[in-house]
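Only one structure is covered here, and it is reproduced in the block below.
The values are calculated or read from the model by the stated rules, or taken from the named source; none is laboratory data. Just so we're clear, the structure is a prediction, and the values are computed from it rather than from any experiment. So basically every Cβ, Gly included, is an ideal-geometry build from the backbone, and we count neighbours across all protein chains shown.
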């Protein structure tokens, strides 16, 4: 089982930011990535629909012989991780959550902003994170409709994207935020653009690296860490395979074969 692959899925291409962190920390691992691009955005879908998609994709990866699963999507984690852990108790499963705890530790002003999808911000899990880690700080939340769709199209720089992003960060800056949580796995791809728009003392925090470390810990506990040479990733999408193939190099991945996921 050490040489079995690790499975990663997201509603679209956002999980590639998490995949990159896993590749950096665990270069010997074989990786399988599925972007459910045909059903994006999850942030506007019902929890029941998202749970059903999570179940379908998890079942597919079990058939592929994956030794662990990473849900590289905050919205999918909120909706589906508990059910998947119940259904697959023998499977290491790592989910996402907005980085409220590290942001609370990092802020100097005591005001933290959160950029996230509507589904994440309205979830009970996000409310629980605030209750647990944000009692001594002020948290300003900002839903960001439209950002995911632009990133899915490979747009990381356009005037439309800049205008949308400016509209979302302006209230956070106006409220005195000195730390901004990127609460969707798509948003780390906007870090270069955000850094040109924000004061230099604003900290941007996401959880991709922490997820990779948690995955490493779970695999090590089970003696499942792979050995040997660096590996490549395999890709699937529920939308047009050529579209994902075209966007891979824009998002830091080596161009490769992309297969269709029709389930």
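Here's the yes/no breakdown for (1) in contact (Cβ under 8 Å) with a residue 40 or more places away in the chain; (2) farther than 24 Å from residue 96 by Cα; (3) surrounded by 16 or more Cβ atoms within 10 Å (Cβ to Cβ); (4) in contact with a strand residue (DSSP E or B) (Cβ under 6 Å, 6 or more places away or on another chain):
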| position | (1), (2), (3), (4) |
| --- | --- |
| 165 | no, no, yes, no |
| 170 | no, yes, no, no |
| 176 | yes, yes, no, yes |
| 180 | yes, no, yes, yes |
| 207 | yes, no, yes, no |
| 224 | yes, no, yes, no |
| 236 | yes, no, yes, yes |
| 253 | yes, no, yes, no |
| 260 | no, yes, no, no |
### Task
Could you pull out the residue among 73, 37 that is surrounded by 24 or more Cβ atoms within 10 Å (Cβ to Cβ) and either in contact with a strand residue (DSSP E or B) (Cβ under 8 Å, 6 or more places away or on another chain) or at pLDDT 95 or above (or both)?
73
### Hits in region 26-43 (condition: within 16 Å of the chain's Cα centre (by Cα) and more than 20 Å from residue 247 (Cα to Cα))
43
### Task
Give the residues of region 191-205 that are surrounded by 17 or more Cβ atoms within 10 Å (Cβ to Cβ) and under 30 Å from residue 7 (Cβ atoms), sorted by residue number.
194, 204, 205
### Query
Is region 46-57 home to any residue that is in contact with a helix residue (DSSP H, G or I) (Cβ under 9 Å, 6 or more places away or on another chain), crowded, with 19+ Cβ neighbours inside 10 Å and closer than 29 Å to residue 175 by Cβ?
no
### Query
Tell me, which residue of region 92-138 that is under 26 Å from residue 222 (Cβ atoms) and out of contact with any strand residue (DSSP E or B) (no Cβ under 6 Å at 6 or more places or on another chain) is surrounded by the most Cβ atoms within 10 Å (Cβ to Cβ)?
96
### Task
Return yes when residue 34 is in contact with a helix residue (DSSP H, G or I) (Cβ under 6 Å, 6 or more places away or on another chain) and either closer than 24 Å to residue 222 by Cβ or outside any loop (DSSP other than H, G, I, E, B) (or both) and no when it is not.
yes
